[in-house]
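Visitor: Below is a structure I'd like to ask you about.
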Amino acid sequence: MRAGKLRHRILFQYSTKAADETGQLLLTWVDAATRWGSVEALNARELFNAQQVQSRSNHKIIIRNKLPAPAQPGAQFRAKFVKTGEADRIFNLTGSMNQDERSIYSVLLAEEAVGVTS
């Protein structure tokens, strides 16, 4: 894949629980890493194949290497796509694949979160 195709700046975040002032645990998102990547809607064939595994995947995100390791095992990741002049888009990651098994690119299946702004 040519570097020019990885033109989107994507912020990866992982979930953690933190206590608020009353002691109640709340889900918060911690920035893990920012990577260059490609955010693409799945075409009909890819969407059909993705739905065989995960019924909600509607986008794929391609990045170099792998996601960073979260501070706690089992944490959920999401991707925040920030584009100048447009509203941020949030993608909940539903799966990942090591493209061509060469550990150069990762293909992440994702579902765009509707109505989430932060």
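Visitor: Collect the residues in segment 35-60 that are surrounded by fewer than 13 Cβ atoms within 10 Å (Cβ to Cβ) and either in contact with a His (Cβ under 9 Å, 6 or more places away or on another chain) or at pLDDT 90 or above (or both), keeping them in residue-number order.
Guide: Ala41
Visitor: Specify the residue that is surrounded by the fewest Cβ atoms within 10 Å (Cβ to Cβ); the eligible residues are those in segment 106-118 that are modelled with pLDDT of 75 or more and in contact with a strand residue (DSSP E or B) (Cβ under 6 Å, 6 or more places away or on another chain).
Guide: Ala113
Visitor: Is it the case that Ala71 is surrounded by 15 or more Cβ atoms within 10 Å (Cβ to Cβ) and modelled with pLDDT under 70?
Guide: No, not satisfied.
The values are calculated or read from the model by the stated rules, or taken from the named source; none is laboratory data. These figures come from a predicted structure and were not determined experimentally. Reconstructed Cβ throughout: ideal geometry from the backbone, glycine too, with neighbour counts over all protein chains shown.
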